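The numbers here are math on the coordinates, done by the rules we state, and not lab data. No experiment lies behind these values; they were computed from the predicted model shown. Counting neighbours? That spans all protein chains shown, and the Cβs are built from the backbone with ideal geometry, glycine included.
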Amino acid sequence: MSSSTEDDVKDEAEVAVHVPLKIRTHSVVGSSSDSDDYTTEVAGALVDVEGFCYADYRLEQYAHSVLDFSSQYGIDLSISYTAPNITGRPSKYPEYGDFPQTFAMRTYGDWWDKAPSRLKEIHPQSLPAVPSEDFIVLYFEDYVIPDEIAIFETFNPGAVIRIWSYTITKTWICLWEDTGFYTRPPCTANRARRFSPPLKRIHLPTKTIRLEFNHQRLHYYTEIDAVLMSGRKFNMGNLQTLLDFHERQRKGSILSKLQNMKFRPICKDNYQTRLQHFLDHDLDKFMSAVNEVQIKTPAKSQDSTRVSKVDLKDMPFDIVLKIFSYLDLISLFRVGLVSRFFYDVSTHPLLYSEINLKPYWHLASTELISTLAKRATVLKKLDMSWCGCTIQTVSPTEFKKFIQQRGDTLTHLRLNSSKFLNSSCIETIGIVCDNLRELSLRNCSLSPPLLNFSCLANLKNLDRLDLFQTVIEQDLLLTMLESNPKLKHLNLAFCNVAVNMDDVAVHISEYNKQLISLDMWKAHYLSAHGLLALSKCHDLEEVDFGWCLREATLGDSLKEFLINCPKIKKLFLAAVRGLTDRDLEDIANLCPNLEQLDLMGVLGISKERYYDILQKCKKLQLMDLSFCDNIMDYEVAMWSHNFNVNIKCCHVPNDIR
């Protein structure tokens, strides 16, 4: 990413394009033979067979605001690479390159999955074929029936894998999914792209969409300039008519069976008495219709040998339980509907020792949490990341109740970007979950008053703590470090500006000497004194000091750190201005296990020092030299080929040099 910054005020205007439009709509009333496809044009509107009224023009509008996001490269105190940059009209498209005025996320490629701090997925069988790694939720000013969503990608396109729509019925619908993500070749063309995939046709208006990303196949950070949504404008005066129609289309299994049998009970107008009326007057007719359904089977020959059939219900319970353990969460619920035996197996507590609701963020609800609480009596690992996004489908009270019932056995808890959390939930976690070994609260609180983390000081067994982009008080953080001497992985990226990283480093050196990975990316701020303190953590394998070490000179602190931490595999020093040729010489001589090195934005280094690192660090796989000076593209290409190292080398765009 560019090490330079530039303020850019975006125009968040939208444009409405009036174009005559005639669209054929499909009515879903009664059986398919009863429906027609047509619309009727009236003055200034289109009216379909159900009476829904749409404007006779398409409305094109750019994103007005950002409701939620999982990560961003920039910090909230700056406009560079932050989520709000995606709103309004494009400011850089169709130019291609790295621009601070765009929205960029935290990672690229699979390098973070190769680092010592990598995470294992909870209940991996619940993951989709193409898992999401980041998301952003965008709000538009007007309701439309979407027929096009255009994403303006200005740098390394190709990370968008899903587009969701939050409809007026308060449900999420997936409009598009990249099913060929792993089979198609990655985008390699160095040009901006207006990405507009074919959308699923829906007849429900929306003004909120969600984009999901997978960065695994990206060469470098992706950047997005703007998002445009187009569609027919919806007449809000017909809202109740649409909601009533949608409710009529929601059919359960019994209603569907009745429709397939062409059984039409006589119902009174009063909806409240329909069920009772059916039981009193039409139940006998329904049972008679069911009895008339005959299942024809081919006659067996007289000389055929009778063979006894063995199905799943005849197998031992433990075998069926083992088979069911490979099912995802939705399949477990579905298979429980097959028979009583399958229900008994599918609700066994051992199948719910790990629960991952992150892939089902759009389905997570208070009712689901209540059901899982009854089944997960031996729960060990829980991931509720992304649940409660933008809408309160998960009640904080129900989550608190769930933790009170099942939290005492929890060892792993991930609540990244979980917007249903409140102070009471955090307090309950701190009191009940005393066996926690992993706690992840990424992007959960942007200001201290929202969440009170004081009760987390009760946790004593943590070996992983992730507070990425979550504001926490310094005194509490220091207390947690003291209370968890077995801590091995600590993420404080984007930590509160009021937290002094030197004090944190001193506490780590005293109480957390078993630490393996430490992320202080864009924390404020670490000095040579803090770096010297961290040299006492001899087991460190991964550190990220990007945008954190901002002193003019580091003295001998980096050398001392590298001498005492010989296990270092990942060393990120992006935009560390105090680095000199001597520091890079120390890296080359003292890091025999180095696999990933980030020197993005480091200036004043001679190319001979880069060459020394490539020559002496035999295990090196990744080296980021983007926006570094004194090197040429052809030299980078030659080094990459000769040493078999993935070298990143982007340049500052001409307009911000």
Most to least packed among 326-339, 406-419 [average Cβ atoms within 10 Å]: 406-419, 326-339
Ordering of 69-79, 148-158 by burial proxy (mean other Cβ atoms within 10 Å per residue, highest first): 148-158, 69-79
Potential extension, Tyr182-Arg340 segment - 0.36 nm per residue separation minus Cα distance: 52.9 nm
Simple label model, 7 Å out from Cα along Cβ direction - Asp629 to Ile330, nm: 5.4
Cβ-Cβ FRET estimate between Ser78 and Thr347, R0 fixed at 41 Å, reported to 0.05: 0.25
FRET efficiency for Lys120 and Glu141, using Cβ-Cβ distance with R0 set to 56 Å, rounded to 0.05: 0.85
Paramagnetic reach from Leu239 (point 7 Å along Cα→Cβ, amide N under 14 Å) across the range 140-154: 142-144
Listed peptides 313-320, 127-134 by packing density, highest first (mean Cβ within 10 Å): 127-134, 313-320
Spin-label proximity, Leu321 to the range 328-370 - amide N less than 16 Å from point 7 Å beyond Cα toward beta carbon: 341-354
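Output the relative contact order of the range 55-246, whole-number percent, from Cα pairs under 8 angstrom with separation of 6+ residues.
Worked out over the range 55-246, it gives 35 percent.
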Cut-off under 5 Å, modelled amide H: who pairs with Ile161 long-range: Glu212, Phe213, Asn214
In sequence order, calculated HN-Hα J values of the range 94-107 (Karplus, 6.51, -1.76, 1.60; Hz; x Gly/Pro): x, 5, 10, x, 8, 10, x, 7, 10, 9, 10, 9, 6, 10
Label-zone membership for the range 539-567, site Lys513, 7 angstrom Cα→C-beta point, backbone N under 11 Å: 539
Derived scalar couplings ³J(HN,Hα) [the range 567-581; Karplus, 6.51 cos²θ - 1.76 cosθ + 1.60; whole Hz; x for Gly, Pro]: 8, 4, 10, 10, 10, 10, 10, 4, 6, 7, 6, x, 5, 10, 4
Reference-scaled alpha-carbon Rg (2.2 N^0.38 Å with N residues) for the range 314-453: 1.10
At R0 = 22 Å, FRET efficiency that the Cβ-Cβ distance of Glu482 and Thr411 yields, to 0.05: 0.55
